[in-house]
Amino acid sequence: MNAYTGSVPDTRRASDWRDRGACRGADSDGWFPSPGDAVAVKDAKRVCFGCPVMAECARHALAHNIRDGVWGGLSEPQRDRIHRRHAVDCTDLDAVRRVVAKVLRPELNPIMSLRDLWDDRTYPLPGGHLGWRGNSGNFSFRGQVFTPKQLSFRLDRGRKAAGIVRRTCEVVECVHPLHVADGKERAARKRAAEALLAERGGAVAA
Ligand code: SF4
Ligand SMILES: [Zn+2]
């Protein structure tokens, strides 16, 4: 039995982050979509992204290892990823805020998303080369299909590659933007080399 009759809860509850949640009063089922219901997850996230207590909510779910539902704009796989890859200190709200912003950046700022993906997946190799974590085959991102080398080219040159992007260095796993070239660049290099040879030939003959 709840014997409480006083007014203190009003004061205590006023400081509870839940009371300031943008989902307050909404049907909570919206935040616990059926498995695989991407549309429902997106709808819940849209509300979370405008919520004033997003970080507090995310912290609560992370600290209590809550498995189901959308919390603080994070889906269950995204919280899993934070648990696996970021040793976040849940007592530090700013640290939680930073990690949530990092994980959600592609959704919150789609223009930056390919760059974020690049930063996330590449790592330095000895000799100034750059490796790619995980599968080096095609991957799909926001409906676009890339190979790591195509992404490298696109981010560095600011345009879509013409033809196949090939590695120009000797390190098989390298995706360094200066160590890849598309068909157009390879053709231009070939022409420049031929012109140089012709020039040298002319100089020798003279
Ligand atoms: S972040 Fe989302 S789930 Fe959490 S309180 Fe806000 S709207 Fe509700
Ligand atoms: Zn290289």
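The values are calculated or read from the model by the stated rules, or taken from the named source; none is laboratory data. For clarity, every value in this text was computed on a predicted model and none was experimentally measured. Please note: Cβ atoms are built from the backbone with ideal geometry, for glycine as well, and neighbour counts cover all protein chains shown.
When residue 64 is tested against (1) in contact (Cβ under 8 Å) with a residue 12 or more places away in the chain; (2) closer than 17 Å to residue 16 by Cα; (3) not hydrophobic (A, V, I, L, M, F, W, C), only condition (1) is not met.
Looking at residue 117, is it closer than 19 Å to residue 45 by Cβ, touching a residue at least 24 places away in the same chain (Cβ under 8 Å), assigned by TED's automatic domain parsing to the domain that holds residue 186 and aliphatic (A, V, I, L, M)?
Working: closer than 19 Å to residue 45 by Cβ: yes; touching a residue at least 24 places away in the same chain (Cβ under 8 Å): yes; assigned by TED's automatic domain parsing to the domain that holds residue 186: yes; aliphatic (A, V, I, L, M): yes.
Considered against the rule, which asks whether it is closer than 19 Å to residue 45 by Cβ, touching a residue at least 24 places away in the same chain (Cβ under 8 Å), assigned by TED's automatic domain parsing to the domain that holds residue 186 and aliphatic (A, V, I, L, M), residue 117 comes out as yes.
Among residues of the range 147-206 being of a type in the set (Lys, Arg), under 22 Å from residue 123 (Cα atoms) and within 16 Å of ligand 2 (Cβ to nearest atom), the one that is surrounded by the fewest Cβ atoms within 10 Å (Cβ to Cβ) is 166.
Has the range 35-42 got any residue that is more than 16 Å from ligand 2 (Cβ to nearest atom), β-branched (Val, Ile, Thr), surrounded by fewer than 11 Cβ atoms within 10 Å (Cβ to Cβ) and assigned to a helix (DSSP H, G or I)? Outline the logic, then answer.
Restricting attention to the range 35-42, the residues satisfying the condition of being more than 16 Å from ligand 2 (Cβ to nearest atom) are 35-42.
Next cut, β-branched (Val, Ile, Thr) only: 39, 41.
This time we only want the ones that are surrounded by fewer than 11 Cβ atoms within 10 Å (Cβ to Cβ), so: 39.
If we keep only those that are assigned to a helix (DSSP H, G or I) as well, we get 39.
Yes, the conditions are met somewhere in the range 35-42.
Answer with yes or no whether residue 159 is in contact with a helix residue (DSSP H, G or I) (Cβ under 9 Å, 6 or more places away or on another chain) and either within 16 Å of ligand 1 (Cβ to nearest atom) or free of Cβ contacts under 8 Å to residues at least 12 places away in the same chain (or both).
Yes: the conditions hold for residue 159.
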